[in-house]
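J.: For reference, the structure I am asking about is given below.
The values are calculated or read from the model by the stated rules, or taken from the named source; none is laboratory data. Quick caveat: nothing in here was measured; it's all calculated off a predicted structure. Cβ placement follows ideal geometry from the backbone for every residue including glycine, while neighbour counts extend to all protein chains displayed. Remember, those area values only see protein heavy atoms, side chains included, never the ligands or the DNA or RNA. Shrake-Rupley method; radii C 1.70, N 1.55, O 1.52, S 1.80 Å.
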Amino acid sequence: MDEYKRIETCIGRYIADNYSHAIEVGIGRNTEAAQILSGAGKLLRSTDVKQMPVPEDLSFIIDDVFLPEISLYGEADVIYAIRPAIEMIPPLIGLARRVNCDLIVYHLGFETWGNGGEKIDGGVVLHRYHRHQKPSKRVD
């Protein structure tokens with residue numbers, strides 16, 4: 001297995017084992033993680049800023065993380081991105097906060113944003129930049 005497939009396989013398996021409703025932002029041409037999640041029934045959709053040649057069995061929508069269509073993400077319990085451009089991290093964090101879901105990022109090399117978020121060993125180093133917030137219990 002080549003290194004890219006191994007990385008994507010680790011990411012797909014980690015997310016499939018820990019989440020139920022995933023959305024990949026910036027799918028590009030490497031669809032291995034999304035296919036693992038789709039096969040497990042856990043991929044809601046994948047997105048990219050332009051049309052990408054993804055397998056027909058993957059749900060794909062054009063969306064720009066800098067101006068996201070929020071309604072596309074409301075059901076997600078995790079948004080993930082594999083090797084996103086570093087300038088995409090702030091809007092991804094903002095999106096995850098807005099829809100209250102986790103944000104998992106796999107960076108190229110040793111890139112990180114800010115403090116790097118919570119580091120997770122998913123077979124490869126993943127960064128959780130946002131964790132969904134459980135609603136606080138109201139005391140009357």
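J.: Only loop residues by DSSP count here, and only those with at most 13 other Cβ atoms within 10 Å; note down the GluC sites (Glu not before Pro) in the stretch 48-140 that meet that. Display every interim value, and only then the final one.
T.: Values: sites: E56, E69, E75, E87, E111, E118; in loops: E56, E69, E75, E111.
Listed in order of number, the matching sites are E56, E69, E75.
J.: Next question, about the same structure. Grab the alpha carbons of the stretch 39-88, take their convex hull, and tell me the volume per residue in Å³.
T.: 101
J.: Would you mind classifying the chain by shape? Square roots of the alpha carbon gyration tensor eigenvalues, ordered a ≥ b ≥ c; an a/c under 1.5 is rounded, otherwise it is prolate if a/b is larger than b/c and oblate if not. The partial results should precede the final answer.
T.: Working: a/c = 1.42, a/b = 1.26, b/c = 1.13.
Since a/c stays below 1.5, the shape of the chain is classed as rounded.
J.: So, how do all the Cα-to-Cα distances of the stretch 70-140 break down into 10 Å bins, in percent, from 0 on up?
T.: Going out from 0 Å in 10 Å bins, the stretch 70-140 shows 20, 50, 23, 6, 2 percent.
J.: Report the accessible area of T31, computed with a 1.4 Å probe over the heavy atoms of all protein chains in place, in Å² rounded to the nearest 10.
T.: Only protein atoms counted, so the area is about 20 Å².
J.: Restrict the search to the stretch 44-116; then list the trypsin sites (Lys or Arg not before Pro) that DSSP places in a loop and that have at most 13 other Cβ atoms within 10 Å of their Cβ. Write out the running numbers ahead of the final one.
T.: Details: sites: R45, K50, R97, R98; in loops: K50.
Here the trypsin sites (Lys or Arg not before Pro) that fit, given the DSSP loop and packing criteria, are K50.
J.: For the chain, report the accessible area per residue in Å² (1.4 Å probe, heavy atoms, rounded to an integer).
T.: Working: 7800 Å² over 140 residues.
In whole numbers, the chain has 56 Å² accessible per residue.
J.: Tilt of helix 3-18 relative to the longest C-alpha principal axis of the chain, in degrees (0 to 90, nearest 10)?
T.: Roughly 30 degrees between the two axes.
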